[in-house]
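The values are calculated or read from the model by the stated rules, or taken from the named source; none is laboratory data. If you're wondering where the values come from, they're calculated on a predicted model, not measured in any experiment. Glycine gets a Cβ as well: all are built from the backbone with ideal geometry, and neighbour counts include every protein chain shown.
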Amino acid sequence: MRLLVRLSARTDTSYDNTYHHKLRGRLWCGLQGTEFEKYHDADRPVGFTYSNPFPPGDMSEGDKRTLLVSAPQEQLLAAIAEDFIEDRELNIGEMPFHIDEITNISPDVGEPGSTGTIETGTGVLVRIPPWRAEDYGIEPEGDEAIFWQPEHSMEPFVTQIEDNLDKKHGLFCPDYLPGPNSKRLTISSRATN
């Protein structure tokens with residue numbers, strides 16, 4: 001489930017590539033007083049994700065941007081939507097927006113257990129915990145996570161993504177739905193500059 005949020009710039013402004021922290025803060029403000037507030041600063045995934053305000057680039061007053069907020073829990077998205085409806089001003093750092101429209105979308109991704117393709121227009125960051133490095137033949141770099149590089153082979157990339165998806169499946173999805181490790185991931189990449 002996703003919220004599609006249409007925005008308009010309230011003033012001329014430069015695009016702030018460090019938007020992440022400020023936008024996350026606004027989303028958490030929308031979850032205050034809900035059952036989801038307890039997950040703030042918890043030692044577990046939060047259960048939602050969001051895009052940058054896109055397309056990126058400097059803005060003139062009135063320019064349009066779009067924001068996507070995604071979560072497997074409908075009530076979490078409903079709480080964020082309610083906050084956006086009550087307060088249509090969305091300040092993301094130095095980028096002031098007005099929330100023009102909020103639409104709930106539920107893309108059809110097929111039946112549980114079916115196969116499909118996940119495509120991203122951005123890079124994928126894969127962290128390898130230091131205690132897993134030797135499993136992949138990678139020299140550990142102390143106690144810090146190692147970020148996957150092409151020279152590490154595809155095995156740690158695929159395994160870490162599968163494990164991450166399975167962990168989140170266990171946290172947020174009903175037990176009767178098959179998890180990602182019940183199907184083998186096939187990874188293909190198209191490097192672009």
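Below is a table of values for the structure above.
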| read-out | value |
| --- | --- |
| Considering residues of the range 2-45 that are among the aliphatic types (A, V, I, L, M) and buried (at least 17 other Cβ atoms within 10 Å of the Cβ) only, the residue farthest from residue 95 (Cα to Cα) | 31 |
| Among the candidates 39, 19, 15, residue that is aromatic (Phe, Trp, Tyr), farther than 25 Å from residue 173 by Cβ and more than 14 Å from the chain's Cα centre (by Cα) | 15 |
| Of residues in the range 75-128 being of a type in the set (D, E, K, R) and farther than 20 Å from residue 61 by Cα, the one surrounded by the fewest Cβ atoms within 10 Å (Cβ to Cβ) | 108 |
| Residue check for residue 118: within 29 Å of residue 15 (Cα to Cα), aliphatic (A, V, I, L, M) and either within 21 Å of the chain's Cα centre (by Cα) or not assigned by TED's automatic domain parsing to the domain that holds residue 159 (or both) | yes |
